[in-house]
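The values are calculated or read from the model by the stated rules, or taken from the named source; none is laboratory data. Predicted, not measured: the structure shown is a model, and the values here were computed from it. No Cβ is skipped: glycine too gets one built from the backbone with ideal geometry, and neighbour counts run over all protein chains shown.
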């Protein structure tokens, strides 16, 4: 079993701004405000959270091949 990665770089689809964030292990992050352009990001259809849509690393439950957000 691989170690869970808890940091992910979110890239804003609107302005291209990037920010390294730490992911929670016990909850999904459905909304994220870009620190560059302040647009509110939401997951793409079929994704459970903003990390799965815009991050370099999927959220911890998805990394463990579990369903996310129950």
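A compact table of results
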| read-out | value |
| --- | --- |
| All positions within region 30-40 that are exposed (fewer than 13 other Cβ atoms within 10 Å of the Cβ) and not in a loop (DSSP other than H, G, I, E, B) | 33, 40 |
| Region 41-70, residues that are in a loop (DSSP other than H, G, I, E, B), out of contact with any strand residue (DSSP E or B) (no Cβ under 7 Å at 6 or more places or on another chain), at pLDDT 95 or above and surrounded by 12 or more Cβ atoms within 10 Å (Cβ to Cβ) | 42, 43 |
| Residues within region 10-29 that are surrounded by fewer than 16 Cβ atoms within 10 Å (Cβ to Cβ) and at pLDDT below 95, tallied | 4 |
